[in-house]
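The values are calculated or read from the model by the stated rules, or taken from the named source; none is laboratory data. What you are looking at is a predicted structure, and each value in this text was computed from that prediction instead of being measured. Cβ placement follows ideal geometry from the backbone for every residue including glycine, while neighbour counts extend to all protein chains displayed.
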Amino acid sequence: MEQRCTAQRESREGETMYGYARVSTRDQNPARQIDALEEFGVERRRIFTDTASGKDFQRPAYQRLVRRLRTGDTMVVKSIDRLGRNYDEILDEWRRLTKCGNVHLVVLDMPLLDTRREANGVTGEFIADMVLQLLSYVAHIERDNIRQRQAEGIAAAQARGVRFGRPRIERPEAFETVRGLYLAGDLTCTEAAGACGVSQSTFRRWMSACKGAPGAL
């Protein structure tokens with residue numbers, strides 16, 4: 001299916017039901033997803049499976065499945081996170097498939113996400129769209145809350161004197177002697193840093209710190 005909504009595909013006889021399953025790593029087993037899809041009525045030969053991250057939709061099996069979808073077909077997944085992990089991207093993809101491709105989508109773990117249904121004049125597509133928007137909003141709020149908790153945790157730790165980042169390299173006892181030789185021009189920066197067992201950038205940082213220290217040469 002093209003990424004852009006250009007022209008509606010013509011219906012074909014015998015609208016088809018497909019399934020999609022995804023695991024993130026080869027250590028994971030998609031069998032539970034496949035069993036649920038088959039129990040729902042999807043034929044095994046029409047189930048497409050990816051072993052890939054959910055960061056985007058550029059997955060081989062998913063792309064093959066989408067290219068096969070036609071107007072009126074149904075795509076079934078066990079849970080919404082099998083489609084992806086970013087609700088904004090899921091919402092965009094959902095709308096592309098349902099509105100541009102006239103494809104039905106069903107999420108087994110969330111009965112409200114079933115675009116085939118209609119109740120009291122309200123279509124399943126409309127309900128699903130609202131649910132996905134709500135999920136996207138909740139995900140945004142949770143991300144903001146996580147960032148806020150992290151910032152508060154870091155601030156509290158810093159107030160207790162906790163330091164973050166690489167541990168500071170202590171100056172060796174020979175530093176003052178090496179520093180004097182360096183300032184006298186008897187050692188180059190490379191030689192001075194080597195004598196202290198550190199990089200040139202670290203040695204220069206130590207020298208800069210000494211310039212503002214009381215009693216500095």
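When residues in segment 82-96 are screened for being surrounded by 16 or more Cβ atoms within 10 Å (Cβ to Cβ) and acidic (Asp, Glu), 2 of them pass.
Any residue that is at pLDDT below 90, surrounded by 11 or more Cβ atoms within 10 Å (Cβ to Cβ) and more than 24 Å from the chain's Cα centre (by Cα) - is there at least one of those in segment 23-41? The answer is no, given that none of the residues of segment 23-41 is at pLDDT below 90, surrounded by 11 or more Cβ atoms within 10 Å (Cβ to Cβ) and more than 24 Å from the chain's Cα centre (by Cα). Scanning segment 97-109 for residues that are surrounded by fewer than 18 Cβ atoms within 10 Å (Cβ to Cβ) and outside any loop (DSSP other than H, G, I, E, B) gives Lys99, Cys100.
Entry remark, segment 86-118: residues being of a type in the set (Ser, Thr, Tyr) and either modelled with pLDDT of 90 or more or at positive phi (or both) number 0 in total. Once segment 42-77 is narrowed to residues that are more than 15 Å from Ile90 (Cβ to Cβ), among the charged types (D, E, K, R) and surrounded by fewer than 19 Cβ atoms within 10 Å (Cβ to Cβ), the residue that is nearest to the chain's Cα centre (by Cα) is Arg64.
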